[in-house]
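Report on one structure; see the data block that follows.
Bear in mind that the values in this text are calculations on the coordinates, not laboratory data. Keep in mind it's a predicted model, so treat the numbers as computed, not measured. Methodologically, a virtual Cβ is constructed for each residue, glycine included, from the backbone with ideal geometry; neighbour enumeration extends over all protein chains shown.
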């Protein structure tokens, strides 16, 4: 792509313009690569159609199981702290929605990083003319997880109707933005754990360990007394924010708009740190098999 | 017998290589447990006029989850089903058809080795957790309950192993069985008492569950420990648990015989 010719009014626009064009070019290049990766993933999944459908079934079963837990608990209580039954269903739905979006885009790729390091396959990713982190993080797309994310939205819609909620466009947009922030937080944290595989072969245990923490995200934050647990899972591993804040926005339970700002800025911070950790880790890479 | 002791010894060696993984798993596993305990605390705090939920005080409820965690560490199947399926898929079981070694007993020895190492690795994080929460934890009501608990834990481990083993044998017919493993796991998780004590369910539902093996995969020994299952119900329950073990054992043997006929020794 050629940079636009400089206009005579501008004294020296060329470097800026060409840098802008360079960024644009790189973005287009990566978007094109991503489109191919998405298509490949779809083809791969469609060659095992039964398995594809079974996996959707498995995830639906686990989601139903969480909802059953809520139903059982509310047999014995009217509320948990300040949360009513359908508010908790809304929260469990939001947590599932975010988790499934994360699964769709990032999960498989994060889990596979330690394999790439162990087998030395990472060499190839480092050599290709795309950003290696982009390729490693987005190589495979799990299409089935989008179906499950949609089912979570349906449950949320039902819960919202039972609560008599009528979220306006601004609330819905805010919800979308907060969900993206939540997905990025999950991604950044799990990717950091996966980069531990540059130091030890047992990083997969860490990655699956992190997967356990998703269970914390669907518990109402009001259930936790202030203490070390709450501090850690708000500030260090913000599990108590990722699903709670978007759900509270819809249910109009936010104590202050600062909660949203906190979630967004933590997402930025964690992403930044994971970038640093990634660069530090790649420096340690000493190709395994070659 | 001695050859299976050797298998056990090798199994311990192999499992020790994954000790850090086991430690992570046990430690991270405590986080959702802690969240569930906070959830129950909040529920009891929200209903100050009702100190009991289906006969559980808050302390009793916490004790349930603590004992459940220990029983799960002692008896849960972690990697065994995946390994068995891989053995079949990749043709590694061919050697067992030639050697005087029984595959089920071989896997059982490895399972036992894995549990020993896992329990040892989990001892530190779970132990610290238990000491921290010790005021909710009381010993079983009497010696009979303690003895019955011990017997029931062994039967639970056997039942867990045999069900997973039989499930993994599906690999004789299917290339990919991980979805089935996860479906089974989901049922074990909720109907076995992992998520909540089963006797907080409506009585009708609990009665239906009693006809499945799931309560005997976790809930039953925990109920014995807490003294919630006593007397005739205890004796009857142990008999049913033993019957399930025998039944699934027979099933495992039967499926193996049919599977071997179907087996084509891929890659072997």
A correct Stokes-Einstein calculation for the protein assembly as shown, using the alpha-carbon Kirkwood radius, 10 °C and 1.306 mPa s, returns a whole-number D in µm² s⁻¹ of 61
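Grab the beta carbon distance between residue B:3 and residue A:126, set R0 = 41 Å, and tell me the FRET efficiency rounded to 0.05.
Details: r = 48 Å, r/R0 = 1.16.
In this case the efficiency is close to 0.30.
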Binned at 10 Å starting from 0, the alpha-carbon pair-distance distribution of the range A:153-200 in whole percents comes out as 22, 33, 22, 15, 8, 0
Summing -39500 (n - 2.57) over every DSSP H run of at least 4 in chain A, dividing by its residue total and rounding to the nearest 500, the 222 nm mean residue ellipticity is -23000 deg cm²/dmol
Quarter of the surface of the C-alpha convex hull for chain A, i.e. direction-averaged projected area in nm², equals 20.0
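Quote to one decimal, in nm, the extra length available between residue A:229 and residue A:208 on full extension: 0.36 nm per residue of separation minus the C-alpha distance between them.
Details: separation 21, 0.36 × 21 = 7.56 nm, distance 2.02 nm.
Full-extension gain reported as 5.5 nm.
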To the nearest 10 degrees, the tilt of helix A:108-119 (Cα long axis) against the first principal axis of the alpha carbons of chain A is 50
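Kindly put A:253, B:3, A:248, B:261 in sequence by how many other C-beta atoms sit within 10 Å of each C-beta, fewest to most. Don't skip to the answer; put the middle values down first.
On the way: A:253 19, B:3 14, A:248 24, B:261 8.
Fewest to most other Cβ atoms nearby, the residues stand as B:261, B:3, A:253, A:248.
If the chain between residue A:35 and residue A:154 were fully stretched, how many nm would it gain, using 0.36 nm times the residue separation less the Cα-Cα distance?
40.1 nm
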Taking r as the C-beta separation of residue B:134 and residue A:273 and R0 as 51 Å, the FRET efficiency to the nearest 0.05 is 0.85
Distance in nm between residue A:200 and residue A:286 label points, each 7 Å along Cα→Cβ, equals 1.8
With Cα springs under 10 Å, the Gaussian network model of chain A assigns the largest mean-square fluctuation among A:274, A:256, A:41 to A:256
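What value, in deg cm²/dmol to 500, does the helix sum -39500 (n - 2.57) over DSSP H runs of n ≥ 4 give at 222 nm once divided by the residues of chain B?
Numbers: 11 runs with 192 residues, N = 268.
Per the formula, -24000 deg cm²/dmol.
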Taking A:38, A:179 and counting other beta carbon atoms within 10 angstrom, the fewest-first order is A:38, A:179
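Could you please rank B:1, B:130, placing first whichever residue has the fewest other Cβ atoms within 10 Å of its Cβ? Kindly include the intermediate steps, with their values, before the conclusion.
Details: B:1 5, B:130 16.
Arranged by neighbour count, lowest to highest, B:1, B:130 become B:1, B:130.
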Under the rule rounded for a/c under 1.5, else prolate if a/b exceeds b/c, else oblate, using alpha carbon gyration tensor axes a ≥ b ≥ c, the range A:166-290 is classed as prolate
